[in-house]
Amino acid sequence: MTDYNFAYLDEQTKRMIRRAILKGLAIPGYQVPFASREMPMPYGWGTGGVQVSAAVLTPEDRFKVIDQGADDTTNAVSIRRFFEKTAGVAVTEATAEASVIQTRHRIPELPLREDQILVYQVPIPEPLRFLEPSEVETRKMHSLEEYGLMHVKLYEDISQHGTIATAYAYPVKVEGRYVMDPSPIPKFDNPKLEMAGVQLFGAGREQRIYAVPPYTQVVSLDFDDYPFAPTKADHACDLCGATDSYLDELIMDDAGGRMFMCSDTDYCGTRRVAGHVGAQAAALAEDAA
Amino acid sequence: MYVAVKGGERAIDNAHAWLAEERRGDISVPELSVDQIREQMTLAVNRVMAEGSLYDPELAALAIKQSRGDLIEAIFLIRAYRTTLPRFGGSHPVDTAAMDCDRRVSATFKDAPGGQVLGPTFDYTHRLLDFQLAADGQVGEVQKTEPNTGETPHIMGFLDREGLIQTEPEGAEAPDDLTRSPLELPASRALRLQALTRGDEGFLLSMAYSTQRGYARNHAFVAELRIGTVAVEMDIPELGFTIDIGEITLTECETVNQFMGSKTEPPQFTRGYGLVFGMTERKAISMALVDRALRWKELGEDNLGAPAQDEEFVLYHADNIQATGFLEHIKLPHYVDFQSELELVRKLRRNVQAAGQDESKGPSGGSFSGKMKEGVGS
């Protein structure tokens, strides 16, 4: 595809996005407005992540795309193909081999290294949005570090439900300053937000970029007597037997039979190759044959 | 089951092939040409150009063909193409006073210099299906007259001369470009107008209609509606002079609105403004009404809490490409989020059930645990 520049966007646009990324890294958790472009995929389908990836990719990179933790979900396939076509970069499904990973809704189970970049697709970057619909107001609240509303919301959850009723997109405070939306990852993934890799968040429709530099403190909001607790289905993976990974629940038959499997397909596959076997792995192998 | 989530690549390829076949339809029916769409579906082409923010009838017609007539999809194709184009610079502001008008009507004056020109309008047609058109689309002879070569001055100018209409400050500087810098609020009027002119026609129509029905009513009269062609001129630094790079069709609507005066402004008429690519009359009028509603602050009017007065609400929700993308993204997999919600709801139900059982032991006996059923065998 020679009709378009490397990684689709023109160099001026990439420079503008890189400036926003650098500003974001300099002020961890702060939402930097940027002149988001229309991309050839719809808003809400990862255009922010795609623009950030386009700005950071180099021809030497190895690119991985996951959606719901899986490399083979249709939109992950579509985005991976887009960069194969427009940037000609090498792609991989192996977390360890990728230098840039674009993700929607998950952080890979395998800890990332300093030489890896994790790019998040973000639908609504504003953690306070559903408490205060106005952008003018929420920007003011951030600048004044006025987060009382969020604590009241968490408190009301506890008083009504006995627990904080937020299961994903669980708000965090970055380096003691900005309250940030970690994108709709399950709160199981929140502890992984403190990592060695660079984390970049792109919200295309909302025209915002933000970032968490390596080894930055990221604290999930909670109360002393109601501490934050990451949760997952209380099962082991039925394919690889992992007990430490986030699980998808699958409906197997009309009678409501279920099985659980790792949402991170690379993690699950790697474990199975290494000889780990889950409770239903044998039965499924027969089905497939 | 497990295999079902695999095979995304093949599914996508097959879906695209099927889509292409559906687009073509019955192959015994002749294929629609881009020229036919451009010439005979002109108003659709105009809408795609206006909301796609790219004046190119040929490409708009191609987009309509490719999108199977889904105009929002066609607008999306044009927008995605538009962003890849280099910018050579900005043109001079177009001079709509020098427009060659195909249509020019005023609802405020019975006659004015330049006259009332009805032009090719649906306005006074009776909306009866023309079955003759199904058989053949031949058109009869149209009577021709000499074109009006005189000036067609803006009607607003006459009110301006009398000082009855609010004076508009001269905007000397080139305004910000909505497509090159992020929208930050409060936005200048120039930016608001940019957002409105590429905004969704249906959204603007409803917003404008809501002001007419009383949600921040602003008593609009169409002082002037004109449709026609204007020249686009640009300075070429290499040449050192201005050249005419082409001609575009525009619809311009100026409304005059009754205004009783406010704390800061005397009683006078105020303005709303609409300017849209192509023959897009409904959109231009809607735009003018919404523009006027959004100007409450500068005119010192009260905020009535109406949706059309809320700049953030209007500007953040007018773009149909943003809206449709985000709306339709909920078709994408959300297993991970849903799974975490599933765990949470199960936990909450267990808590409620436990509380219910405790209660049933008590004297009140009001148990609802019987009504609660654990959803799945977890």
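The values are calculated or read from the model by the stated rules, or taken from the named source; none is laboratory data. Just so you know, these numbers come straight off a predicted model, no measurement behind them. Cβ: placed from backbone, ideal geometry, glycine included. Neighbour counts: every protein chain shown.
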What number of residues in the range A:46-80 are in contact (Cβ under 8 Å) with a residue 40 or more places away in the chain and over 20 Å from A:L110 (Cα atoms)?
13
Can you name the residue in the range A:222-268 that is under 19 Å from the mean Cα position of the chain (by Cα), in a loop (DSSP other than H, G, I, E, B) and among the hydroxyl-bearing types (S, T, Y) and is also surrounded by the fewest Cβ atoms within 10 Å (Cβ to Cβ) among such residues?
A:T231
Among the numbered criteria (1) away from chain B (no Cβ under 14 Å); (2) surrounded by fewer than 17 Cβ atoms within 10 Å (Cβ to Cβ); (3) outside any loop (DSSP other than H, G, I, E, B), which one does A:A196 miss?
(3)
So which pairs qualify, if the first residue must be in the range B:279-308 and surrounded by 22 or more Cβ atoms within 10 Å (Cβ to Cβ), the second must be of a type in the set (A, V, I, L, M, F, W, C) and part of a loop (DSSP other than H, G, I, E, B), the Cβ gap must be under 8 Å, and the two must be at least 6 apart or on different chains?
B:A293/B:A216; B:A293/B:A306; B:A308/B:A216
Checking the structure you have, find out if any residue of the range A:74-87 is within 13 Å of chain B (Cβ to nearest Cβ) and either closer than 29 Å to A:T138 by Cα or assigned to a loop (DSSP other than H, G, I, E, B) (or both).
no
Against the conditions (1) away from chain B (no Cβ under 12 Å); (2) assigned to a loop (DSSP other than H, G, I, E, B); (3) under 17 Å from the mean Cα position of the chain (by Cα), where does A:G49 fall short? Just the number, please.
(2)
Give me the pairs: first residue in the range A:235-248 and without any contact (Cβ under 8 Å) to a residue 40 or more places away in the chain and facing another protein chain (nearest Cβ under 8 Å), second residue in a loop (DSSP other than H, G, I, E, B) and surrounded by 22 or more Cβ atoms within 10 Å (Cβ to Cβ), beta-carbon distance under 7 Å, and six or more apart or on different chains, which are they?
A:L247/A:C237; A:L247/A:S263
I'm checking my understanding of the structure. Among residues of the range A:127-140 that are within 12 Å of chain B (Cβ to nearest Cβ) and under 23 Å from A:G49 (Cα atoms), which one is surrounded by the fewest Cβ atoms within 10 Å (Cβ to Cβ)?
A:R129
Report yes if some residue within the range B:17-35 is in a helix (DSSP H, G or I), over 21 Å from B:I72 (Cα atoms) and within 14 Å of another protein chain (Cβ to nearest Cβ); otherwise report no.
no
Can you tell me which condition A:E38 does not meet? The list is (1) in contact with a Lys or Arg (Cβ under 6 Å, 6 or more places away or on another chain); (2) under 30 Å from B:P86 (Cβ atoms); (3) more than 8 Å from every other protein chain (Cβ to nearest Cβ), and all the others hold.
(3)
Inspect the range B:256-277 for any residue being in contact with a Gly (Cβ under 8 Å, 6 or more places away or on another chain), charged (D, E, K, R) and modelled with pLDDT of 95 or more and give the result as yes or no.
no
Does A:A285 count as assigned to a loop (DSSP other than H, G, I, E, B), surrounded by fewer than 21 Cβ atoms within 10 Å (Cβ to Cβ), among the small types (G, A, S) and modelled with pLDDT under 95?
no
Given the criterion assigned by the TED database to the domain that holds A:I185 and among the charged types (D, E, K, R), identify the matching residue among A:R139, A:R80.
A:R80
